Every structure is written in structure tokens, then in C-alpha cells.
Amino acid sequence: MTTELLRIDGVTKAYPGVVANSDVSFAISKGEIHALLGENGAGKSTLVKMIYGLVKPDSGSMALHGQPYAPARPSAARNSGVAMVFQHFSLFEALNVAENVALGMENPPPMRTLAEKISAVSTEYGLPLDPTRRVGDLSAGERQRVEIVRCLLQDPKLLIMDEPTSVLTPQEVDILFQTLRQLSAEGTAILYISHKLEEIRALCDEATILRRGKVVGTCTPRDVSARDMAEMMVGAVLTPPARSARKDWGDAHAALEVTGLSAASPIPFGTSLKDITFSVQRGEVLGIAGVAGNGQDELLLALSGELRSAPEMVKCFGSPIGDTPPNARRALGFVAAPEDRLGHAAAPDMSLVENAFLSGAVRKTLTRNGFIDWSKTKRWAEEVVAQYDVRTPGTWVAARALSGGNLQKFLIGRELSQAPEVVIINQPTWGVDAAAAAFIRQEILDRAQDGAAVVVISQDLDDLLEVSDRFAALNEGRLTPARPTEGLTVDEIGLMMGGAHGMEVAHHG
Amino acid sequence: MFVLEKRPSPSQFWTYATPVLAVILTMIAGGAMFALLGKDPFIAIRTIFWDPLFGEFAFYLRGQLLVKAGPLILIAVGLSLGFRAGIWNIGAEGQYIIGAIFGAGVGLAVFPTETRWIFPVMIVAGAFGGWLWAMIPAILKTRFNTNEILVSLMLVYVAQTILSKAATGFLRNPQGMGFPGSRNFSTYPAARNVELIQESGMHWGVVAAFIAVIAAYVLLQRHMLGFQIKLAGQAPRAARFAGVQPTRLVVLCMGISGALAGLAGMFEVSGPAGQISIDFASGYGFTAIIVAFLGRLNPLGILLAGLVMALTYVGGEMASTNLNLPSAAIQAFQGMLLFFLLAVDLLSNYRIRLLNGRAV
């Protein structure tokens, strides 16, 4: 078990204006599950891209099996036995499983042989997959299995997994971990990238912690508390969000009331909403969990006004608004933060000032007789940047020039600083670092305290458990009845989210 | 070897430098083409770009410049709004023709009444005609999701058929001794689009073009609608999130571009062209598409691009008569301009990095 598989030695990689990795060294042994832990922008992605041959280091060296290792491209890395499962899947929805796997291979065998191989590998590792099913019909967890099986077919010595659990239910996570442990027992090393500390404690043998491109510590996760690891990762002491007792606003009607909402998805391969019913009072946070692709995007569209429904299906303080467009809802106090930042919540090539105007025009009265008050918009954008600690050279930069986490802070700030009555957020902390996530959660709670009704849709259970008063889950476009968050167990939450989506526990053959 | 690297933000410098670079590259490649045709490339380029402004006949040709640039700019400004929003009105030529027929029709209907209201009413009629013609693809798109590129383009040919019917039939000059073509507006002062300053080429259409440039500039920089147009073109989903109604935008953009093209046609028929004739359509509606892109879909850029394009027209005509260049060579030359413009456009969003070298 102590034989060294991969050694990284003093690797440095700089991009214009930022050093992504500075003198990073660590080693992975055969069969070891090694965690790479760090905030967003800490340099995890750059590091694994170098190992996978997507990026070349400026200096430093790598060695695989004691031999110098410098893959020029991913195919070279794959030939050396390094495989990677990306956070975002690269699958074609219109093709079936076997066809997708074949597309990633240099010399794919005949389809029938390949299908047999897929079935064999997937049953061996407890990842049941039907090679003839179309990927567009698979759940996110099943799609991940396709990616994993695709890697396993190459018989890898090192498997890199980038944030693999963000799309899984707790039960699916358990099953994935069993598969990974089985692989590890067979001698495959796993480089596991995550910021979810409890998972790392449950799974990993060793951890390397990165902060601002440098290795700031190594530890054996089982022996260290999650809190200590988080503080090493952030370099500061974290305070969990504080919440005070809820006020009773004594309203006759709920701030947001959704009754029997059904709507066809406007998104290709999307999930239609089926008979969704819930209500949120002022000062209350409703958390909506669910694995990606179960109707979260559609629910946000239906609440923001981008997807219209029958008037009575959505009500605000008792008045029907299901058929009103986004800006009419904003006038009533609605704000919405979609999950997809570039292209939906923001226009990538427009400046932060223009992007501030995009959703703030109505509530911040940034227009006069149809003419835009740019100086007022700019002042407000600067306020958001300052208040939400958005790291940017200025408000004139294009939205796409910001890192994911910084843009998320800006976009959440843009919505929450509009004195909202009803807040709908999809994936509030997606891709932001631990400190920023804590800050965003606190801001959400503060808005609720100010009297806003808040709906948080998230795949991150930590988000939901920390902020929500009541908890519901989306599964294939249907919403479970909401239950008080207090006292819910992770098992119960998992079952609300649809259990294990038919997964089996790994059984080694 | 080199690679292309996406810039974090679009380069301000290259946004303005690419049109200039495109003109220079066109001169080089065009010069090479003229050399291959056996002409002296320097004389050819000089004839096209220099002589109309400062040569022997410049006093006359400078006026021609505004006459040609006016309709190009007027149409291109309208088109650029739609293009920015991702709405592709390719049929400005047809809207130009229908605008001319409507405008001329109103004027000719009341011939020979002399009142100062005739010309303003003709302006309104011309704009209305262009708008009406543009509404056909707009409504078909919003109602039945047809492709506005195809429909607006096809309607150009319909408009041309109507034009020849007008010239030989319902608008034919009753005193024209059977020749095709309407009465000439030069003989009808009240309905005439006069040259405002002698020999300058400045007529009401040019004034309208300048007004359109300024209005479009203000619209895009300061007005909500301009913002929505830009947003819809750059990020359609973000536009819906911002409350932009795509159908309303289609109708508005098609309407504006159609009305401006119609205006251009009306000013042309009552001024420089003088009459509705079979060969009235001279391709302004198509060339304006090049002008719109050459000007980077920016109103001020279009103003300059319209003047440059007019220069290649006027100069090109000179070159083909003086140097015996085939007119196809001139068209190829104008085509090169668009080609290079689109090609070097890449530089504003990407940088070229030489492998083992520094970024450019």
C-alpha cells in the first residue's frame, strides 16, 4: 500500500495576473484515496488539469510509477492510466449510453462488444447501467455512472473525481463511496476533489489542502475535525450563520402561494412541473432539495415569471399572478437568482453596471421615461460590489471576466439588495468558497428577518439545512409536502429526494 | 504555430482598430487582384479612394458621395438595431422599393397640386410602406415562427415585381408616350426632394440619415429599448429574465428597419432618382447590410462606414470607366471589404498567442 504512484514536485503555473499553483508538491500511493481540498480559486482545478494533460506546468515536475510524467494531452494521460470524471458531464443527450462511451474512445470496439463490456464493468462495481438507454432520459446520478464506467473501461491506475457528489442524493453518495472503496482496495488510486468536509472525512485516507495556489497543510481526515479542516482551507475562523426567533407578521395570506402548479418545460430534455403546491409566509425560508434536473430550473422560471402559468397557480399575498411577466412580479417585490450565471442571470459580455441594470431596473427605479440613469446604476453596482466583497478591478469589467464565485456574490447581492418581498434563489452557494457561502447564507437569513418570504432551491444540503425553516424536495417535477427542517434526518431527506434512484449496493464479484 | 486565446473582456482598442485594419487589408488584397488584371494597383487604389475626394472631378464626385452614402446610412442604422437583437432583416431592398412606391404614389396621386403639405405626407407614406413590408416577415415570425431571413429576402423579389408593374402600369407617366417610368419629380416642385445646398449632394434623405444616426446612438446608449435590443442579441435567456418580450422586440426592430428603408426609398425616388423606373432598385438595401457590419453595428461607425462604402462606389465607377476595370472586379473589391472585416473581427475577442512567444 505504500508504493508511490504519482509524485508532484514543486509544480508552478501562472496565468496572466494570477498564480494558480505555486510550488505545489504532494504524493499519492497506489490504492490511496487522496483528497484535494480547497476553496474556489485555490488552484485545485488547475492542478488536476495538469495531471490530466490539459494544462502544462510552467515549472516543477511530475512522476508516475517513478518515471518522469509530462502528458502533452489528455489522451497521453489516459494511456498512462490516468482517468478523470469531470464535474460537468460531457455527454450527448440524444445518444445512448454505449454510443456516448464509444465517442470518448480512440479505437472503439464494435457496439455489441462494447455494450457487453459496459454491462460487465457496471455490474462488477455496483453501477447498474443499460447500455442501450438514451442519456437524455437518465438522472444526473445515472449520467455520472456513465462517466465513471467510461473511465473504468480504461482500467485506470489513478482516477480523478471533481466534486462528484454535488449531483447525488445521500443514498447515491453512499453507493458511490462503496464503489470508490472497492476500486481503492483493488489498487486504483483516487484523487478526490471536494469542499464537502464530512465526505472527505468519511472516505479519504489523506488530504492535501490548498489555499491561493499553495499547499497550506496535509492531514489524515479521519483524525481531524471538519471544522479544523475548514479553517485550514479558509485561513480564518468561521462562524455559522446566526438566526433569531421568527416574528409573526400576522398576514391574512401567504406572501407566496403556489397551488397545483403544472407547466411544460420550455427546456429541451427538461422536466415538466407537475401539480406543485406550497406556500411561504413572510419571514420564512423554504428549502427545496433535489438532485439536478428534477425541475429546479423550471420551478425558478415559473416563479420569476419567465414561464407563465394559469393566474391562480401562483399568488402573491392572495392576488393571482401566474400569468404576469417578470417585471410585473418585480414591481410586486419578487427577486429571483437563477442557477446558470452566465447567459441566464447575467449577460457574459456586458459590464457589471449593465448587468446590475438587467434585473434591478424596476425595483431600484433606474429609468426615467424609458431613459436609463447610468450614473445611478453605477453607484448601485459599486455598492453591491463593496457590500458583497466582489473582487473585481471595477464595475466596468465584463461579467465573464469574473471568477465563478465572485460573479455569484455579485448576482446574489444584486437581487438581495433590492429590498425584496419574495426571494427565489436557485443554487445560492454554487461554486463559491466557504467564507462567501457562509456570508450568502447569512444574507438570506437577514432578508427573511426583514420580512421577505424566501425560497431556496439547492442541491447542497448544507445550504438548506442551515437556512431553511421548512424543507421539501423536488423529484421528477413533483414537490413533496414541506416538513419542518428541525428534526429531519439525512435518511429522511434522501428518501424525500427520491432515494437511490434504483441504485444497488456494490457487490464484488 | 499560434493559438487563439479568448480575451477576458473584449479589447477596446481592437474594436475600433479592426475596421481600419480591414480597409488596409482590402487595399492590399484588392491591389493584388487589380495587378493580376494587368492594372497598376497604386493607380487603381488611388482612383477609388483618393480621386473622388481630392482629384480632378472632386467638386462633382464629393456631392455624389453624400447622395450614395445617405440611403446606405439610413438603411444600415435601421438594420443594425435588428442585427444587434439577433433579428435578421435581409429584405431592406424590398422595403426600400415599397417605401419609394408608397411615397411616389402619394405624390403622384395629387399631381399637380401645389401645397407644402405634399412632401411631408410623402415622407410619412414612404416610411409606412417600408414598415408595412417589414411587418409581413415580422408577423409571420411571431405568429408562425417562420424564418425572417428567408421571408424578408423573398419579399425583395415580390417588391421588384410590384416595382416593374408600377413603372409600366399603375404609376406610368400618362404623358410619357408609352415609355415605362413615372412622372419625374424634378418637374413637380411641391413633391420634390430638393438639393439643400448647391453641388453638395445634401438632400432631405441625408438629413434624415444624420438624424437616424443620432437617434440610434441615444437609443442604444441611454434608452431601455436599446439595452433590451443589445441584451436580446447577446444573451437571449438573460433577456427573458430581464423581462424582454421577444415578440415585441421582433415587431419593433423589423418595423424600425423597414420604416427607415422605406424612407430611404422615398427620398431617393423624389430626389436623385427622380422617378419610379424599372431599374430603380440599385442594391442599396443589400449594400447597407455590409455597411451595418462594417460600422460594427454602431451608429457612429455606420456613419463612417457608409461614407467609405459610398467612396468605393463612386471611386469604383471612376475606376471602371477610366481604367477599364470590369465591374465584377469592383464588386469583388467591395466583397473583400466585408470578408476582411469579419475575419479581423476575431481580434477584438481573441488574442493571438504565438507558441513559445508572447501574446499579441
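Of the residues in the range B:285-300, how many are surrounded by 24 or more Cβ atoms within 10 Å (Cβ to Cβ) and farther than 11 Å from B:Ser80 by Cα?
So the answer is 2.
Scan the range B:223-242 and tell me whether some residue there is away from chain A (no Cβ under 14 Å) and hydrophobic (A, V, I, L, M, F, W, C). Walk me through how you get there before you give the answer.
Initial filter on the range B:223-242 (away from chain A (no Cβ under 14 Å)): none.
No, the conditions are met nowhere in the range B:223-242.
Could you say which residue among B:Leu346, B:Leu323 is closer than 16 Å to B:Pro19 by Cβ and surrounded by fewer than 18 Cβ atoms within 10 Å (Cβ to Cβ)?
B:Leu346
Show me the strands (runs of 3 or more DSSP E) entirely contained within the range A:273-392 in which 3 or more residues are in contact (Cβ under 8 Å) with a residue 40 or more places away in the chain, open to solvent by less than 50 Å² (accessible area, probe 1.4 Å) and within 13 Å of chain B (Cβ to nearest Cβ). Don't jump to the end; show me each part of the working.
Working: elements: A:273-280, A:285-289, A:314-316, A:334-337.
Ranges flagged: A:334-337.
Residues being part of a helix (DSSP H, G or I) and touching a Pro at 6+ places or on another chain (Cβ under 8 Å): count how many of those fall in the range B:266-305.
Matching residues across the range B:266-305 total 8.
Picking from A:Val149, A:Val121, which residue would you name as being open to solvent by less than 20 Å² (accessible area, probe 1.4 Å) and not charged (D, E, K, R)?
A:Val149
Take the range B:22-44 and flag every residue that is within 24 Å of B:Ile302 (Cβ to Cβ) and modelled with pLDDT of 90 or more. Write out each step before concluding.
Step one: list which residues in the range B:22-44 are within 24 Å of B:Ile302 (Cβ to Cβ), which gives B:22-27, B:29-30.
Across the range B:22-44, the qualifying residues are B:Ile24, B:Leu25, B:Thr26, B:Met27, B:Ala29, B:Gly30.
Failed condition for A:Phe269, given (1) among the aromatic types (Phe, Trp, Tyr); (2) touching a Gly at 6+ places or on another chain (Cβ under 7 Å); (3) within 12 Å of chain B (Cβ to nearest Cβ), with all others met?
All conditions are met except number (3).
Hey, could you check the range B:56-73 for residues that are surrounded by fewer than 19 Cβ atoms within 10 Å (Cβ to Cβ) and hydrophobic (A, V, I, L, M, F, W, C) and say which is farthest from B:Ala264 (Cα to Cα)?
The extreme case among them is B:Phe57.
Out of all the residues in the range B:192-215, is one or more open to solvent by 30 Å² or more (accessible area, probe 1.4 Å) and closer than 30 Å to A:Ala398 by Cα?
Among the residues of the range B:192-215, at least one is open to solvent by 30 Å² or more (accessible area, probe 1.4 Å) and closer than 30 Å to A:Ala398 by Cα, which makes the answer yes.
All but one of (1) open to solvent by less than 30 Å² (accessible area, probe 1.4 Å); (2) among the small types (Gly, Ala, Ser); (3) in a loop (DSSP other than H, G, I, E, B); (4) more than 14 Å from every other protein chain (Cβ to nearest Cβ) hold for B:Gly178; which doesn't?
Going through (1) open to solvent by less than 30 Å² (accessible area, probe 1.4 Å); (2) among the small types (Gly, Ala, Ser); (3) in a loop (DSSP other than H, G, I, E, B); (4) more than 14 Å from every other protein chain (Cβ to nearest Cβ) one by one, B:Gly178 breaks only (1).
Going by the conditions given, is A:Val48 surrounded by 20 or more Cβ atoms within 10 Å (Cβ to Cβ) and within 27 Å of A:Asp340 (Cα to Cα)?
Numbers: surrounded by 20 or more Cβ atoms within 10 Å (Cβ to Cβ): yes; within 27 Å of A:Asp340 (Cα to Cα): yes.
Judged against the criteria, A:Val48 is a match.
If you take the residues of the range A:445-493 that are in contact with a Gly (Cβ under 9 Å, 6 or more places away or on another chain) and among the basic types (Lys, Arg), which of them is farthest from A:Ser272 (Cα to Cα)?
The selected residue is A:Arg470.
Quickly run through the range A:87-122 and pick out the residues that are among the polar types (S, T, N, Q) and out of contact with any Phe, Trp or Tyr (no Cβ under 8 Å at 6 or more places or on another chain).
Correct list: A:Gln87, A:Ser90, A:Asn96, A:Asn107, A:Thr113, A:Ser119, A:Ser122.
Considering each of A:Gly451, A:Gly431 in turn, give the residue that is in contact with a Phe, Trp or Tyr (Cβ under 9 Å, 6 or more places away or on another chain) and surrounded by fewer than 24 Cβ atoms within 10 Å (Cβ to Cβ).
A:Gly451
Per-residue answers, yes or no, for (1) over 28 Å from the mean Cα position of the chain (by Cα); (2) aromatic (Phe, Trp, Tyr); (3) open to solvent by 70 Å² or more (accessible area, probe 1.4 Å):
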site: A:Lys56; (1), (2), (3): no, no, yes
site: A:Gly60; (1), (2), (3): yes, no, no
site: A:Ala63; (1), (2), (3): yes, no, no
site: A:Pro68; (1), (2), (3): yes, no, yes
site: A:Pro71; (1), (2), (3): yes, no, no
site: A:Val97; (1), (2), (3): no, no, no
site: A:Leu103; (1), (2), (3): no, no, yes
site: A:Thr113; (1), (2), (3): yes, no, no
site: A:Lys117; (1), (2), (3): yes, no, yes
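Got a sec? Which of B:Val77, B:Val20, B:Val3 is within 14 Å of chain A (Cβ to nearest Cβ) and either in contact (Cβ under 8 Å) with a residue 12 or more places away in the chain or of a type in the set (A, V, I, L, M, F, W, C) (or both)?
Matching residue, one of B:Val77, B:Val20, B:Val3: B:Val3.
Within the range A:196-222, restricting attention to residues that are in contact with a Lys or Arg (Cβ under 9 Å, 6 or more places away or on another chain) and open to solvent by 10 Å² or more (accessible area, probe 1.4 Å), which residue is modelled with the lowest pLDDT?
So the residue we want is A:Leu197.
Results for (1) within 16 Å of the chain's Cα centre (by Cα); (2) under 17 Å from B:Arg172 (Cβ atoms), shown as yes or no for each residue.
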{"site": "B:Ser80", "(1), (2)": "yes, no"}
{"site": "B:Ala100", "(1), (2)": "yes, yes"}
{"site": "B:Val106", "(1), (2)": "no, yes"}
{"site": "B:Trp117", "(1), (2)": "no, no"}
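Can you pull out every residue in the range B:301-320 that is more than 22 Å from B:Gly78 (Cβ to Cβ) and either in contact with a strand residue (DSSP E or B) (Cβ under 7 Å, 6 or more places away or on another chain) or open to solvent by less than 40 Å² (accessible area, probe 1.4 Å) (or both)? So that I can check it myself, show each step before the final result.
Step one: of the range B:301-320, the residues more than 22 Å from B:Gly78 (Cβ to Cβ) are B:314-320.
Selection gives B:Val314, B:Gly315, B:Gly316, B:Met318, B:Ala319, B:Ser320.
Residue by residue through the range B:143-171, note down the ones that are outside any loop (DSSP other than H, G, I, E, B) and either at positive phi or not aliphatic (A, V, I, L, M) (or both). Write out each step before concluding.
Filtering the range B:143-171 for residues outside any loop (DSSP other than H, G, I, E, B) gives B:143-144, B:148-170.
B:Arg143, B:Phe144, B:Glu148, B:Ser152, B:Tyr157, B:Gln160, B:Thr161, B:Ser164, B:Lys165, B:Thr168, B:Gly169, B:Phe170, listed by residue number.
The values are calculated or read from the model by the stated rules, or taken from the named source; none is laboratory data. Just so you know, these numbers come straight off a predicted model, no measurement behind them. Cβ coordinates were reconstructed from backbone atoms using ideal geometry, including for glycine residues, and neighbour counts include every protein chain displayed. The accessibility values were calculated without ligands, DNA or RNA, using every heavy atom of the protein model including side chains. Shrake-Rupley method; radii C 1.70, N 1.55, O 1.52, S 1.80 Å.
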